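*Asks:* The structure that follows is given in the form of structure tokens.
The values are calculated or read from the model by the stated rules, or taken from the named source; none is laboratory data. Please read these numbers as outputs of a predicted model, since none were measured by experiment. In this analysis, Cβ positions are derived from the backbone assuming ideal geometry, glycine residues included, and neighbour counts consider all displayed protein chains. Just so you know, the surface numbers come from the protein's heavy atoms only, side chains and all, with ligands and any DNA or RNA stripped out. Shrake-Rupley method; radii C 1.70, N 1.55, O 1.52, S 1.80 Å.
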Amino acid sequence: MSGPGKDETESGPIHSGEEKGPSLKSGDEVLQIIRKGAEFTQELLKENERLRYRLAQAEEENFSLKKAPVKGVSGDELSKLQNRLESLEIEKKQILERFKQVEDENKDFANRYLEIENENNNLANLYIASYQLHSTLDFKEVLRIILEIIINLIGAEQFAVMMLDEKTHQLNAVASEGIEKEDIPPITLGTGVIGNVAKTGESYFKEDLSHKGTIDPTDPLVCIPMTIKERVIGVIVIYNLLQQKDKFTNLDYELFTLLAGHTATAVFSSKLYSESERKLSTIQGFIDLLTK
Amino acid sequence: MARFRILVVEDSPTMRQLITFTLKRLKDVEIVEASDGVDGLKKISAGKFDIIFTDINMPIMDGLKLVSLVKNDPANKDIPIVVITTEGGQEDRDRALALGANSYITKPIQAINLLATATQLLKI
């Protein structure tokens with residue numbers, strides 16, 4: 001190797017005479033290190049070669065293992081395992097199908113729950129409306145409750161309750177909200193939308209429920225007859241709904257049906273009660289006169 | 001003793017019954033009713049409430065005044081207040097909320113909205 005010799009001669013001029021001994025010693029050490037480095041490189045190359053050989057061997061073994069039958073497992077056992085695998089695959093498929101079915105059932109139950117919840121709420125509204133309507137025998141109070149139900153449960157803004165005068169065959173406004181009673185003219189039975197509803201006993205619903213700026217008292221959005229059996233005793237007339245209400249729900253129609261029957265009986269019974277009270281006080285007056 | 005006390009301030013007996021009937025579906029609640037703002041204030045001063053539902057248009061004292069008084073009272077200012085009214089306009093909603101109301105429900109009320117608002121504010 002020429003390297004260390006060259007290093008030895010070239011290093012001379014750098015050092016002074018007194019330093020020649022230590023400089024040579026240092027050159028030997030460098031040479032030693034380089035030799036060791038060369039040996040180490042040789043070893044690494046050998047190791048590399050050995051590992052390459054081992055890798056090739058391992059790859060060959062791996063390839064042959066893949067090709068060879070499983071050691072210790074007979075053909076029957078292998079067949080059984082394959083069958084088991086197939087049956088497990090089928091079972092897995094069935095479980096997945098069942099899982100999907102259960103999921104679908106869950107969705108159905110959730111939808112049904114919502115429907116029942118909705119129905120429950122509707123029944124609560126109907127119960128309260130009915131309860132309130134029959135909670136008093138005072139005519140004015142009954143009218144007030146009818147107005148409350150129409151405002152709060154149906155969501156009407158302008159409406160009136162009209163009673164049929166059986167002598168004149170005219171419908172007269174007895175209570176109203178959002179419109180003065182005086183602004184609603186008496187309507188003759190069988191005349192116009194309102195008169196026809198009172199005559200036929202069939203409810204009227206306009207298709208366009210949009211909010212109107214000015215209203216025509218003879219042109220309502222909704223007109224519901226108040227009936228006792230077949231007999232119409234008055235009508236509920238709705239002219240405008242609240243701004244946020246733009247359509248009727250199923251509950252609204254059920255409330256209209258309830259109002260048609262229950263308001264009539266509540267109004268009728270309260271009127272009868274008032275009349276009987278009045279008659280009773282008149283009779284009492286006579287009795288008092290006769291007995292005094 | 002109930003876990004939550006709810007005050008319902010509403011002049012209409014029909015609405016009061018409907019709101020109470022609906023809120024009773026919540027677990028562990030006691031519902032107290034008041035027929036106007038003054039009645040509501042009396043009930044508030046007599047006991048502690050976790051939430052107040054109030055109508056806006058009421059005789060004697062309306063709901064907005066009640067909201068204002070409760071929210072300006074250091075002892076009760078943290079009670080959540082839900083305003084229930086027939087007014088659907090944004091202005092009325094803003095007015096109620098500006099006074100300190102925590103939520104707003106318009107009539108006709110939907111039970112599901114009422115219960116959702118109550119559970120959210122009561123953190124049930």
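*Asks:* Among A:Val197, A:Val161, which is away from chain B (no Cβ under 14 Å), in a helix (DSSP H, G or I), surrounded by 18 or more Cβ atoms within 10 Å (Cβ to Cβ) and β-branched (Val, Ile, Thr)?
*Replies:* Testing whether each residue is away from chain B (no Cβ under 14 Å), in a helix (DSSP H, G or I), surrounded by 18 or more Cβ atoms within 10 Å (Cβ to Cβ) and β-branched (Val, Ile, Thr) leaves just A:Val197.
Residue by residue, here is whether (1) touching a Leu at 6+ places or on another chain (Cβ under 8 Å); (2) without any contact (Cβ under 8 Å) to a residue 12 or more places away in the chain; (3) closer than 17 Å to B:Ile105 by Cα holds:
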| site | (1), (2), (3) |
| --- | --- |
| B:Leu7 | no, no, yes |
| B:Gln17 | no, yes, yes |
| B:Leu23 | yes, no, yes |
| B:Val32 | yes, no, no |
| B:Ile44 | yes, no, no |
| B:Ile56 | yes, no, yes |
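*Asks:* Another question, then. All but one of (1) open to solvent by 10 Å² or more (accessible area, probe 1.4 Å); (2) within 14 Å of chain A (Cβ to nearest Cβ) hold for B:Leu18; state the number of the condition that does not hold.
*Replies:* All conditions pass for B:Leu18, except number (1).
*Asks:* While we're on this one: Which condition number does A:Lys167 fail, the rest of (1) open to solvent by 80 Å² or more (accessible area, probe 1.4 Å); (2) assigned to a helix (DSSP H, G or I) being met?
*Replies:* That leaves (2) as the condition not met.
*Asks:* Being over 24 Å from A:Leu272 (Cα atoms) and facing another protein chain (nearest Cβ under 9 Å), is that true of even one residue in region A:144-152?
*Replies:* yes
*Asks:* Name the one entry in A:Leu96, A:Leu137 that is in contact with a Phe, Trp or Tyr (Cβ under 6 Å, 6 or more places away or on another chain), open to solvent by 30 Å² or more (accessible area, probe 1.4 Å) and hydrophobic (A, V, I, L, M, F, W, C).
*Replies:* Selected residue: A:Leu137, the only one of A:Leu96, A:Leu137 that is in contact with a Phe, Trp or Tyr (Cβ under 6 Å, 6 or more places away or on another chain), open to solvent by 30 Å² or more (accessible area, probe 1.4 Å) and hydrophobic (A, V, I, L, M, F, W, C).
*Asks:* Only residues in region A:241-262 that are facing chain B (nearest Cβ under 10 Å) and under 26 Å from A:Glu230 (Cβ atoms) count as the first member; pair them with residues that are in a helix (DSSP H, G or I) and hydrophobic (A, V, I, L, M, F, W, C), Cβ under 6 angstrom, at least 6 apart or cross-chain, and list the lot.
*Replies:* Cβ pairs passing all conditions: A:Asp252/A:Ile154; A:Leu255/A:Leu153; A:Leu255/A:Ile154.
*Asks:* Here's a follow-up. Out of B:Asp55, B:Asp94, B:Asp28, report the one residue that is surrounded by fewer than 17 Cβ atoms within 10 Å (Cβ to Cβ), under 25 Å from A:Leu123 (Cβ atoms) and at pLDDT below 95.
*Replies:* B:Asp28
*Asks:* Could you look through region A:218-240, keep only residues that are in contact (Cβ under 8 Å) with a residue 40 or more places away in the chain and open to solvent by 10 Å² or more (accessible area, probe 1.4 Å), and pick out the one that is nearest to A:Ala160 (Cα to Cα)?
*Replies:* The selected residue is A:Ile233.
*Asks:* Filtering region B:31-47 down to residues that are in a strand (DSSP E or B) and not acidic (Asp, Glu), which residue is least open to solvent (accessible area, probe 1.4 Å)?
*Replies:* Initial filter on region B:31-47 (in a strand (DSSP E or B)): B:31-34.
Filter once more, so that each one left must be not acidic (Asp, Glu): B:31-32, B:34.
On the way: B:Ile31: 35, B:Val32: 24, B:Ala34: 1 Å².
Step by step, filter region B:31-47, then rank; the result is B:Ala34.
*Asks:* Look through region A:113-134, keep the residues that are open to solvent by 80 Å² or more (accessible area, probe 1.4 Å) and among the acidic types (Asp, Glu), and return whichever of them is farthest from A:Ser276 (Cα to Cα).
*Replies:* The selected residue is A:Glu115.
*Asks:* Let me ask something additional. Given (1) within 14 Å of chain B (Cβ to nearest Cβ); (2) out of contact with any helix residue (DSSP H, G or I) (no Cβ under 7 Å at 6 or more places or on another chain), identify the lone condition not met by A:Asp208.
*Replies:* Every listed condition holds for A:Asp208 apart from (1).
*Asks:* Yes or no: A:Ile145 within 10 Å of A:Ala266 (Cβ to Cβ), among the β-branched types (Val, Ile, Thr) and surrounded by 19 or more Cβ atoms within 10 Å (Cβ to Cβ)?
*Replies:* So A:Ile145 fits the description; yes.
*Asks:* Now for a separate question. Would you check if there is a residue in region B:34-48 being within 14 Å of chain A (Cβ to nearest Cβ) and at pLDDT 90 or above?
*Replies:* Of the residues in region B:34-48, the ones within 14 Å of chain A (Cβ to nearest Cβ) are B:35.
Applying the additional criterion that residues be at pLDDT 90 or above yields B:35.
Scanning region B:34-48, I find at least one residue that is within 14 Å of chain A (Cβ to nearest Cβ) and at pLDDT 90 or above, so the answer is yes.
*Asks:* Check B:Gln110 against each of (1) open to solvent by 80 Å² or more (accessible area, probe 1.4 Å); (2) over 24 Å from B:Val29 (Cα atoms); (3) not hydrophobic (A, V, I, L, M, F, W, C) and name the one condition it does not meet.
*Replies:* Single failed check for B:Gln110: (2).
*Asks:* Separate question: Please find, among A:Phe286, A:Phe268, the residue that is more than 26 Å from A:Asn121 (Cα to Cα), away from chain B (no Cβ under 14 Å) and buried (at least 16 other Cβ atoms within 10 Å of the Cβ). Working first, answer last.
*Replies:* Working: A:Phe286 fails: buried (at least 16 other Cβ atoms within 10 Å of the Cβ).
The unique qualifying residue is A:Phe268.
*Asks:* Additional query: Which numbered condition trips up B:Ile79, out of (1) more than 11 Å from every other protein chain (Cβ to nearest Cβ); (2) at negative phi; (3) assigned to a loop (DSSP other than H, G, I, E, B); (4) open to solvent by 40 Å² or more (accessible area, probe 1.4 Å)?
*Replies:* All conditions are met except number (4).
*Asks:* Is region A:182-193 home to any residue that is closer than 25 Å to B:Asn57 by Cβ, in a helix (DSSP H, G or I), open to solvent by 20 Å² or more (accessible area, probe 1.4 Å) and away from every other protein chain (no Cβ under 14 Å)? So that I can check it myself, show each step before the final result.
*Replies:* If we filter region A:182-193 for residues that are closer than 25 Å to B:Asn57 by Cβ, which is where we start, we get A:182-184.
In the following step, the residues that additionally are in a helix (DSSP H, G or I) were identified as A:182-183.
Then keep just the ones that are open to solvent by 20 Å² or more (accessible area, probe 1.4 Å); that gives A:182-183.
With the extra rule that they be away from every other protein chain (no Cβ under 14 Å), the set shrinks to A:182-183.
Yes - at least one qualifying residue is present in region A:182-193.
*Asks:* Here are the criteria: (1) part of a helix (DSSP H, G or I); (2) touching a residue at least 40 places away in the same chain (Cβ under 8 Å). Tell me which single one B:Ile109 does not satisfy.
*Replies:* (1)
*Asks:* Do you know which of the residues in region B:1-15 that are open to solvent by 10 Å² or more (accessible area, probe 1.4 Å) and within 20 Å of B:Leu122 (Cα to Cα) is farthest from the other protein chains (Cβ to nearest Cβ)?
*Replies:* Per the stated criteria, the residue is B:Met1.
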